[in-house]
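Chemist: Just passing along the structure, written as structure tokens.
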Amino acid sequence: MKNNIKLLGITVITLVIGLFTLGCATAPVALSAPTPANIKIDVTGRTMTITWDEVANAKGYEIITFSENCGSGLRKIDTRAGTAIVYSSNASNNGANALLNDKSNGAVEILAKNKIQITLMPAMGDPSKPMASAVTAKVMAFGGTVEGKKYLDSDYSSVVKKELGGGM
């Protein structure tokens, strides 16, 4: 009889715990934001403009740019925070502010949600042309919570490269 009462008690406790567990809301599944697409680089004179398709539910973007033979295009831009820094995967000067709207060498302007502009360093002997021989860019969308759904940051887009034929 004692064993039956113990078994009944354990069964009741198990059922109560099971009912409480069923009543709890499950954590929402985090979705990944789509990777930005149609990244385009346009260079007019020394002004490099980068555009991409907006991503639904993105809270902003991170853009990483590189320039060959010139440091003025080495940038990491965060449109969500409105910041831009000098950036290189092997440089010790990462972090210097580059969000300058005075059109100086390497100045970055965030023109729209999906459009940024960088002023490249001039070539020696021809200040109307960029020193860089090529520029590249890749873009990542920042996730966030939209209508109760959580979105993770996207992957970076493929690297887009534009040959400039500039140089020293």
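Chemist: Within 11 Å, Cβ to Cβ, of Asp42, how many net charges do the neighbouring residues add up to if Lys/Arg are +1 and Asp/Glu are -1?
Modeler: +3
Chemist: Now, a different point. Would you mind ranking Thr44, Thr83 by Cβ crowding within 10 Å, fewest neighbours first?
Modeler: In order of increasing Cβ crowding within 10 Å: Thr44, Thr83.
Chemist: Restricting things to alpha carbons, tell me how big segment 31-163 is in terms of Rg and Dmax, in Å.
Modeler: Over segment 31-163's Cα set, Rg and Dmax evaluate to 14.9, 56 Å.
Chemist: Note down the magnitude of the dipole of segment 31-163 about its Cα centre, charges +1 on Lys and Arg C-beta and -1 on Asp and Glu C-beta and zero elsewhere, to the nearest 20 debye.
Modeler: Taking the Cα centre of segment 31-163 as origin, the dipole is about 60 debye.
Chemist: Which ordering of Ser32, Ser128 is given by a fewest-first count of other beta-carbon atoms within 10 Å?
Modeler: Ser128, Ser32
We did not get these values from a lab; they are worked out from the coordinates using the rules stated. This is a predicted model, so every value here is computed, not measured. Because the Cβ atoms are built from the backbone with ideal geometry, glycine has one as well, and the counts that use them run over all protein chains shown.
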